[in-house]
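A short write-up of the structure that comes next.
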Amino acid sequence: MTAEKFKRKLTAILPSFQRAIRLSPVGPNYLYREYGVALRLAGRLEEAISANKKAIQIAPNDIYAHIALTKVYSLLDREKEARAEAAEVLRINPKFSLDNYEKAALLTPSDREIAAFRKAGLK
């Protein structure tokens, strides 16, 4: 599947996330977090920030939402915010490592994403 076709498929499922959020506006934080991931993959980075911030508002210690937000900020070259989120990741899990993250990730992070994490201060 080409990157463009993948992006179109992701864009097609975004309304399902929006409907689920509308039906449960204070729903589980994972719904917002995964919506943020889908938005990021669809190239809608600013919207991904909002979705991940909502996930964190609901569950402040959700390390995956902080990881996602670190990645988006870094991809947008918003270094100060990326480093702040990376610090939150390390606050929640001081033993966090990119090696372990890569092994556990459902989707293998791209070299660009790993570089974004490193740029934010994660190792």
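The values are calculated or read from the model by the stated rules, or taken from the named source; none is laboratory data. What you see is a predicted model, and the numbers here were worked out from it, not measured in a lab. Quick reminder, even Gly has a Cβ in these numbers, built from the backbone with ideal geometry, and neighbours come from all protein chains shown.
Test of understanding: among 43, 36, which residue is under 21 Å from residue 16 (Cβ atoms) and not in a helix (DSSP H, G or I)?
Checking each option against the conditions leaves just 43.
Given the conditions (1) assigned to a helix (DSSP H, G or I); (2) without any contact (Cβ under 8 Å) to a residue 12 or more places away in the chain, and given that residue 107 satisfies all but one, which numbered condition is not satisfied?
Checking residue 107 against (1) assigned to a helix (DSSP H, G or I); (2) without any contact (Cβ under 8 Å) to a residue 12 or more places away in the chain, the one that fails is (1).
Being polar (S, T, N, Q) and modelled with pLDDT of 95 or more is the filter; apply it to region 1-56 and report the residue that is farthest from residue 116 (Cα to Cα).
So the residue we want is 50.
Have a look at 64, 73, 101 and point out the one that is more than 21 Å from residue 15 (Cα to Cα), in contact (Cβ under 8 Å) with a residue 40 or more places away in the chain and among the hydroxyl-bearing types (Ser, Thr, Tyr).
On the way: 64 fails: in contact (Cβ under 8 Å) with a residue 40 or more places away in the chain; 101 fails: in contact (Cβ under 8 Å) with a residue 40 or more places away in the chain.
Matching residue, one of 64, 73, 101: 73.
Output the residues belonging to region 101-116 that are of a type outside the set (A, V, I, L, M) and loosely packed, with under 13 Cβ neighbours inside 10 Å.
Correct list: 103, 108, 110, 111, 112.
If the requirement is being of a type in the set (D, E, K, R), over 14 Å from the mean Cα position of the chain (by Cα), at negative phi and crowded, with 17+ Cβ neighbours inside 10 Å, which of these qualifies: 95, 119?
119
Quick check on region 71-85: of everything there that is touching a helix residue (DSSP H, G or I) at 6+ places or on another chain (Cβ under 7 Å) and hydrophobic (A, V, I, L, M, F, W, C), which residue is nearest to residue 112 (Cα to Cα)?
Out of the qualifying residues, it is 75.
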